Ligand code: DP6
């Protein structure tokens with residue numbers, strides 16, 4: 001179908017995202033058991049190039065290392081290639097500007113960038129229409145449900161995924177100026193993959209409470225973001241994080257994503273509650289995200305200087321809400 005001598009390729013980059021209300025566990029249809037809401041992390045991105053492979057199987061390179069194509073990726077590629085009526089195999093070259101598989105949602109940015117790069121390959125899209133975005137979200141969903149919230153344009157800073165629908169959440173200016181500092185305390189590939197976590201979630205005694213919590217509070221979270229109620233947003237986000245991590249600990253006999261380092265950071269932040277406006281959360285990993293407005297910069301500076309005597313970490317910072325891009329720079 002494609003002339004191999006011609007140097008066709010598709011390229012896209014996509015942001016990661018941090019969930020403020022977390023999707024954890026799938027229903028019988030393989031869809032999220034509960035609604036989720038995230039903030040776009042425009043500076044923490046995957047950059048993906050797609051071309052036709054000379055091999056009989058797909059090829060995947062992440063940060064210049066070849067990876068085996070797992071079943072999930074293979075199914076994802078089959079569906080999207082069938083849609084474009086393409087029988088060829090793909091060569092996928094992806095680079096991340098943050099560590100992968102450590103709980104900074106690399107599968108969100110990874111699948112979002114891959115889907116967009118494949119669309120770019122077939123359609124050579126220059127201007128993104130809402131229709132393009134919707135189709136990409138449909139396909140990205142076959143790869144990773146959190147990636148659906150990363151297929152966004154620049155105006156979609158806070159994104160809700162509920163009942164298979166993506167919507168933009170308008171927020172008060174204190175949140176639209178939010179920074180995310182990720183204290184990356186563990187760069188090892190996590191022992192409990194999020195796929196294992198999702199498949200065990202429904203067996204947890206905390207599951208019903210967690211799902212009910214998300215269903216009952218997603219609307220309240222949206223309203224609190226909109227009217228700028230920091231304390232309400234803080235308690236909703238932190239409690240949701242605790243519920244997810246409690247379910248993991250119960251599912252895996254006490255094993256957890258959170259490490260001693262995460263707990264030290266969280267307990268020091270809790271000591272400052274009421275004095276400083278910083279929200280903490282952790283995805284499926286040990287790393288702690290600090291979400292705050294720039295008026296807290298001085299506190300954050302001194303907090304990081306203090307905490308580094310107890311916990312070693314690499315810092316990844318995010319300020320931008322940049323969405324999907326087909327620009328190579
Ligand atoms: C804790 O989207 O990685 O980050 O759909 O199986 O790929 P799959 O799972 P994935 O799970 C993300 C879980 C989370 C919470 C969230 O981002 O909502």
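The values are calculated or read from the model by the stated rules, or taken from the named source; none is laboratory data. Here the structure is a predicted model, which is why all the values come from computation and not from measurement. Please note: Cβ atoms are built from the backbone with ideal geometry, for glycine as well, and neighbour counts cover all protein chains shown.
Couple of notes before you dig in:
- Per-region count, the range 12-30, residues outside any strand (DSSP E or B), near the ligand (Cβ under 9 Å from one of its atoms) and under 24 Å from residue 279 (Cβ atoms): 3
- Any hit, the range 107-123, residues being surrounded by fewer than 19 Cβ atoms within 10 Å (Cβ to Cβ), outside the structural domain of residue 284 (by TED's automatic domain parsing) and closer than 23 Å to residue 191 by Cα: no
- Residue that is within 20 Å of residue 328 (Cβ to Cβ) and modelled with pLDDT under 95, where the choices are 47, 84, 9: 9
- Which numbered condition residue 152 fails, given (1) within 16 Å of the ligand (Cβ to nearest atom); (2) more than 16 Å from the chain's Cα centre (by Cα): (2)
- Members of the range 176-195 that are in a helix (DSSP H, G or I) and either in contact with a helix residue (DSSP H, G or I) (Cβ under 9 Å, 6 or more places away or on another chain) or crowded, with 20+ Cβ neighbours inside 10 Å (or both): 194, 195
- Note on the range 226-329: enclosed strands (runs of 3 or more DSSP E) holding 2 or more residues that are surrounded by fewer than 21 Cβ atoms within 10 Å (Cβ to Cβ) and within 19 Å of the chain's Cα centre (by Cα) are 314-318.
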